[in-house]
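Trainee: Starting off with a structure, shown below.
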Amino acid sequence: MQSVAVLGATGSIGTSALDVVARHPGRLRASVLAAGRNVDALLDLCRTHRPDHAAIADPESYAALRDGLAAAGLRTQAHAGMDAITDLAAGDACQTVVAAIVGAAGLDSTLAAARAGKRLLLANKESLVLAGELLMAAARDGGACIVPIDSEHNAIFQCLSGRDDQPSAVGKRPGSGMTSHSAVERRDTETGHQDVRRIVLTASGGPFRGRNRAQLAGVTPAQAIAHPKWSMGPKISVDSATLMNKGLEVIEAHHLFGLPGARIDVLVHPQSLVHSLVEFIDGSTLAQLGLPDMRTALAVGFGWPRRIESGVAGLDLLAHGRLDFEPPDTDAFPCLRLAYAALAAGGTAPATLNAANEVAVSSFLQGRIGFLSIPALVEQTLAALPAAPAASLDALRDADARARAHATQLSSRITAT
Ligand code: NAD
Ligand code: MG
């Protein structure tokens, strides 16, 4: 039995993960559930999944969680605070961690799970953008298996599996049922990706595909989070609308697969059926296709190297009829360009990009700034805080904090005018 911690259990990815877990009562068990501040939703999940531990990040919600668990007659232990979530991710209560907290708030628990050698189903892309080198090193040192859950990276993970350069039984962990062969080991410089010419991340283009800058000026948060193909949390939905999501994913792919930005391309594919592609030096291109439903990627994560049921139907290409591709429009959606530039600048630049974006998206969702101010805020923050070496976690946290402060100031100025 694989014991699973779902961090961000009440969110979109968390809910999909628990749906897959519930399909495999003999194989998977939700032993830890953690969420941000929605105690009622967490209690509902506890009644269904009966975990050993439930944790809420908001310390003031501890009593409500504890009393709610007791009232439901559950033996689930209540915890509160980010440190408690981090400890649970690293501790004996779970073998597998689904890292599905949104934003940089997920960094500590993701790092802890990596250091502790868990099977890490990594949805929290911001932790890779913020501290990719440190996170990958922690996973290598700890012997953790990272299975990327972002659909594009999960697709590439699948396309790259079963190759000759895949180290056998490296870092096999007792109980994990899996070698740490994953993306973690397959670094360009170490085991070769010399046979990979490039990877191509597909992007749906979001709800505003085809619009120019002038047509984007007045769009509302409600329009921005109405994604045409994927049902996701509000932050990543806005990121998809600005194309920052794809920019974060370029940086994520760089860390996971060890390729430079110049060998990571982006193609807009509105049907969202081809989840990404790998082009090899012999002219072959492998792609992974499927319906846009995150349960497929999560089932890959739980089951790998086996395939397990996810609840997702197969793909009927005749019913869909066509697959279209077009280049991304970085004039209308400059966030993608900014992310490539931050990756090239290196050091603290990706952390700055990510933090400024989190502030900008939050301000936009609160109706305080317009849609076009999101890239503007990110660009101005990157210009004001040039990249510095990112030798330590402290340096990255400092860059994150300074970018948040700067972007918040810029946002207040816009709101005041
Ligand atoms: P969401 O907003 O639906 O859920 C976020 C979850 O994180 C909630 O359970 C919330 O309670 C929890 N949370 C928020 N702040 C927290 C904090 N400070 N401490 C602890 N928990 C906290 O978001 P989502 O769409 O599920 O996305 C989660 C992550 O997965 C993001 O990093 C996103 O980029 C990534 N991702 C999501 C999808 C998708 O289809 N939704 C696809 C790819 C990657
Ligand atoms: Mg994605």
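Trainee: Considering the stretch 286-329 alone, what residues qualify as being among the polar types (S, T, N, Q) and under 14 Å from SER161 (Cα atoms)?
Mentor: If we filter the stretch 286-329 for residues that are among the polar types (S, T, N, Q), which is where we start, we get 288, 296, 310.
Passing the criteria: only GLN288.
Trainee: Please determine whether any residue of the stretch 364-372 is over 25 Å from LEU267 (Cα atoms), among the hydrophobic types (A, V, I, L, M, F, W, C), under 24 Å from the mean Cα position of the chain (by Cα) and open to solvent by 20 Å² or more (accessible area, probe 1.4 Å).
Mentor: Yes, the stretch 364-372 contains at least one residue that is over 25 Å from LEU267 (Cα atoms), among the hydrophobic types (A, V, I, L, M, F, W, C), under 24 Å from the mean Cα position of the chain (by Cα) and open to solvent by 20 Å² or more (accessible area, probe 1.4 Å).
Trainee: So how many residues does the stretch 104-121 have that are out of contact with any Asp or Glu (no Cβ under 8 Å at 6 or more places or on another chain) and within 16 Å of ligand 2 (Cβ to nearest atom)?
Mentor: Number satisfying all stated conditions: 1.
Trainee: While we're here: Given the conditions (1) open to solvent by less than 50 Å² (accessible area, probe 1.4 Å); (2) among the hydrophobic types (A, V, I, L, M, F, W, C); (3) assigned to a loop (DSSP other than H, G, I, E, B), and given that LEU410 satisfies all but one, which numbered condition is not satisfied?
Mentor: Looking at each condition in turn, LEU410 falls short on (3).
Trainee: Go through the stretch 136-159 and count every residue that is part of a helix (DSSP H, G or I), more than 13 Å from ligand 1 (Cβ to nearest atom) and of a type outside the set (Asp, Glu).
Mentor: Of the residues in the stretch 136-159, 10 are part of a helix (DSSP H, G or I), more than 13 Å from ligand 1 (Cβ to nearest atom) and of a type outside the set (Asp, Glu).
The values are calculated or read from the model by the stated rules, or taken from the named source; none is laboratory data. Since this is a predicted model, take the numbers as computed values, not measurements. Quick reminder, even Gly has a Cβ in these numbers, built from the backbone with ideal geometry, and neighbours come from all protein chains shown. Just so you know, the surface numbers come from the protein's heavy atoms only, side chains and all, with ligands and any DNA or RNA stripped out. Shrake-Rupley method; radii C 1.70, N 1.55, O 1.52, S 1.80 Å.
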